[in-house]
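Just so you know, all these numbers are worked out from the coordinates, no wet-lab data involved. Remember, it's a predicted structure, so these values are computed and weren't measured experimentally. All Cβ positions, glycine included, derive from the backbone under ideal geometry; neighbour counts span all protein chains shown.
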Amino acid sequence: MAANAPITQDVLTIPRKLPEGPTNLVGLTRAQMKDALIAIGTPEKQAKMRVNQIWQWIYHWGVRDFAEMTNLAKDYRATLAENFTVAIPEVVTREVSTDGTRKYLVRIAGGHEVEVVYIPETDRGTLCISSQVGCTLTCSFCHTGTQKLVRNLTAGEIVGQVMVARDDLDEWPEPGQGTGDAGPRLLSNIVLMGMGEPLYNFENVRDAMKIAMDPEGISLSRRRITLSTSGVVPEIARTAEEIGCMLAISFHATTDAVRDTLVPINKRWPLADLLEALREYPKVSNSERITFEYVMLKDVNDSDEDARRLVKLIEGIPAKINLIPFNEWPGAPYERSDWSRIKAFADIIYNAGYASPIRKPRGEDIMAACGQLKSATERARKSRKEIAAEAGLG
């Protein structure tokens, strides 16, 4: 790839051509929607107002039928229906864990499937969404990483996952209810921690999150959206400037040697380069702190020495460290660290002045926990020995 080529236009990650037909309004930016309305004959002087009206129907009220958009003239609604659609991913299966976690397998254009997970907590409801079908990164501890990349999701398919969950939670406002904190908020947070590397699909992720943050629609604060990356260094600054959401890093190791195996993208952008980019992020985005995600793998990255190195590496970065007990999946080449080892690791981090919560595994009984997502139709039938060999452990 040429040195100046956009990171997100890697030949492997360009979306394939989607089926032709009526334009789906879901996923269009306001500017794109305005252009689309003008193209079907909407007077330019009216176009901005029409965008505002349609936008509220779709993203505030959750309406998909143009006939129900009653503040638009009847003939104009008919014109919209002839030219556009309001479509979101199709729910194929819905599973509910014993702990209340919900996992949706949703189908997108081309018949591909991705997984979406809703995690209810006492003070929030977090939706974990996907940005790609499959993944290019092959992180050796991640089930999704054993599934090859098929294509990027469009902005509509990304924000459509939020709309799928709001449908299932029945949390679209009733007449008289407001947006944001004034409206129902079972789904209060979004984390881009599902299938795929969000920064290899930057433009679509950015546009989808701008829609989610728009105050006249879904209306989530940028501080309630967290983007997790394995470390696509050139796009981290863009994330701060163009999205401004909270940032999480799939860190998982304190030496390049170990991280090269766990998170192979480290071979391209090693720890020193990644940490340099992270030191600048809070200054640009005004983010409170960066979350370092650290999966606890028995006898791999869980020693006291690892904990002390981690503290030294992140020195000077406003941060918290989420310790993630490894969630096993069929054929996984690793084991979860013992609880006493995780606790000892957390204590070293905490005593150094950093928050070090240990993430409680959620939805393990339905394979919905962190690192377990993988669309059912694409699950690799590999032996533990084959997976271990691919991870460099054979």
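Quick notes on this one:
- Fewest neighbouring Cβ atoms within 10 Å first, the residues 268, 308 line up as 268, 308.
- With Cα atoms as the point set, the radius of gyration and Dmax of the range 198-277 evaluate to 14.1, 47 Å.
- With one equal scatterer per alpha carbon and no solvent term, the Debye-computed log10 I(q)/I(0) for the range 149-298 at 0.09, 0.18 1/Å reads -0.32, -1.07.
- Each eigenvalue of the Cα gyration tensor of the range 27-85, multiplied by 5 and square-rooted, gives one semi-axis; in descending order these are 16, 14, 10 Å.
- Selection of GluC sites (Glu not before Pro), the range 309-358, meeting DSSP coil and at most 14 other Cβ within 10 Å: 315, 335
- The range 48-117 - convex hull of the alpha-carbon atoms, volume per residue in Å³: 123 Å³
- Using θ = phi - 60° and Karplus 6.51 cos²θ - 1.76 cosθ + 1.60, couplings along the range 35-44 (whole Hz; Gly, Pro as x): 4, 5, 5, 5, 5, 9, x, 5, x, 4
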